[in-house]
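Reviewing the structure listed below.
The values are calculated or read from the model by the stated rules, or taken from the named source; none is laboratory data. The structure presented is a predicted model; accordingly, all values stated were derived computationally and were not measured. Cβ placement follows ideal geometry from the backbone for every residue including glycine, while neighbour counts extend to all protein chains displayed. Note: accessible area is taken over every heavy atom of the protein model, side chains too, but ligands, DNA and RNA are not part of it. Shrake-Rupley method; radii C 1.70, N 1.55, O 1.52, S 1.80 Å.
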Amino acid sequence: MVCIAAFIVLALMSVFVGILAIFKRDIGHKYWGTFKKAWGCVWKKVRLQKCETNFKDDIKNSLLSRVVVKKPKLVKPISIGIEVLAVLIVAVTLWSVVEAAKAGLSLWVFGTCNVSQPSNCSITDDVCAIDLAPPANIGEATVRWFTEWGEIFVGIPDRIRRWDARQYLPQNASFWSYEEGRPVALDVFDPGCPTCLMSFRNQQASGFFERNNVAYLPYVIVNPSTGEDRFPNSRLFASYLVAVRTSGVSSTNASNPIPLGWRMIERSFTGEDANNINWQEAIKRMSEDEARILLEGWLFDFGVVPHDISRIRRVADSAETKSTLLVYRNIVENRINAKGIPTTIFGGRRHTGLYE
């Protein structure tokens with residue numbers, strides 16, 4: 001273990017020694033000779049051969065040389081400590097390699113380096129994460145660690161297969177516009193997710209809605225610690241999006257063919273209130289009653305008559321709509337296996353995070 005630990009430490013030191021060697025070549029020659037010995041020992045270990053015993057002794061003797069002269073009684077305990085430290089260095093290095101491999105595979109498969117708590121992955125901040133509750137104890141954490149590996153390996157086929165958005169469309173899906181021959185795409189989003197707002201704007205600016213038949217699937221992110229919705233009034237908004245699609249109500253304004261649900265999404269993501277605050281942010285600051293009045297006011301602006309608005313309200317508050325949102329949750333979490341929102345399926349791929 002000492003020779004392996006020495007190789008690890010020397011490998012980490014190589015950058016600094018390389019810089020010093022520019023000015024003092026004797027340091028570089030001395031270091032390089034020791035490094036080659038360490039590598040030779042490691043290579044023999046890999047091939048299940050014995051290392052040179054004198055290399056281990058050289059390392060320990062160089063570390064203990066001053067102790068032997070001043071405090072010879074400490075030689076034995078320090079020698080044992082060196083062995084223990086070597087084991088720890090090797091163990092920590094192996095653990096780091098395993099964790100790095102796990103994070104890399106997770107990033108490739110799911111678009112986040114943390115399977116259970118994507119919000120803790122600092123390199124994927126362009127997403128509203130779908131987190132699981134933190135493990136309650138060491139036993140649960142251990143089970144979670146192995147479960148995450150299982151999810152990664154199960155998800156690898158999803159990463160390389162061709163995705164078909166039509167398999168995940170809600171019943172009677174609402175398309176921004178529909179034209180025969182165009183590919184079908186699916187936008188999974190939370191009405192309160194700021195990244196979803198930016199993603200929608202990017203899609204609109206890039207002509208995404210003109211190149212694809214795009215349907216929406218609202219998903220409400222829940223805070224795993226409290227069980228409450230992460231963004232205030234997201235569930236209310238999602239309920240109205242379901243209701244305008246399932247109630248059969250249409251706008252009296254025939255000049256705008258975009259469906260009511262998409263018009264509500266567009267106004268929330270691109271419009272502003274009288275104080276120049278984006279509607280998405282303004283809705284988060286409202287009470288549920290205020291948000292309801294606002295959404296129904298939008299429907300009136302879009303040409304929905306009061307009688308039909310009342311009908312949409314009843315459908316939004318119905319048990320059927322609550323059940324529909326649970327069905328959507330199952331689609332997102334268990335069939336699409338999304339770890340973050342927005343998730344968009346188009347071009348035969350599943351894309352997580354901001355649409356660029």
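Observations on the model:
- Residue 302 satisfies every condition listed in (1) more than 20 Å from residue 217 (Cα to Cα); (2) touching a Gly at 6+ places or on another chain (Cβ under 9 Å) except (2).
- The range 238-286, residues that are among the hydrophobic types (A, V, I, L, M, F, W, C) and more than 18 Å from residue 175 (Cα to Cα): 274, 277, 279, 282, 283, 286
- Looking only at residues in the range 106-138 that are among the hydroxyl-bearing types (Ser, Thr, Tyr) and modelled with pLDDT of 80 or more, the one that is nearest to residue 152 (Cα to Cα) is 106.
- Unmet criterion (only one of (1) surrounded by 18 or more Cβ atoms within 10 Å (Cβ to Cβ); (2) outside any strand (DSSP E or B); (3) touching a Leu at 6+ places or on another chain (Cβ under 8 Å)) for residue 192: (3)
- Residue match in the range 244-255 (condition: under 30 Å from the mean Cα position of the chain (by Cα) and either over 22 Å from residue 311 (Cα atoms) or among the β-branched types (Val, Ile, Thr) (or both)): no
- Among the residues listed as 228, 180, 210, the single one being among the charged types (D, E, K, R), within 23 Å of the chain's Cα centre (by Cα) and more than 17 Å from residue 324 (Cβ to Cβ): 228
- Among the residues making up the range 257-286, a single one is of a type in the set (Asp, Glu), at pLDDT below 95 and open to solvent by 50 Å² or more (accessible area, probe 1.4 Å): 272.
- Of the residues 167, 171, the single one that is assigned to a helix (DSSP H, G or I) and open to solvent by 30 Å² or more (accessible area, probe 1.4 Å) is 167.
- Residue within the range 340-348 that is under 20 Å from residue 189 (Cβ atoms) and either in a helix (DSSP H, G or I) or among the basic types (Lys, Arg) (or both) present: no
- The set of residues in the range 302-320 being outside any helix (DSSP H, G or I), more than 38 Å from the chain's Cα centre (by Cα) and surrounded by fewer than 19 Cβ atoms within 10 Å (Cβ to Cβ) consists of 303, 305.
- Residue 331 vs. criteria under 23 Å from residue 215 (Cβ atoms) and not polar (S, T, N, Q): yes
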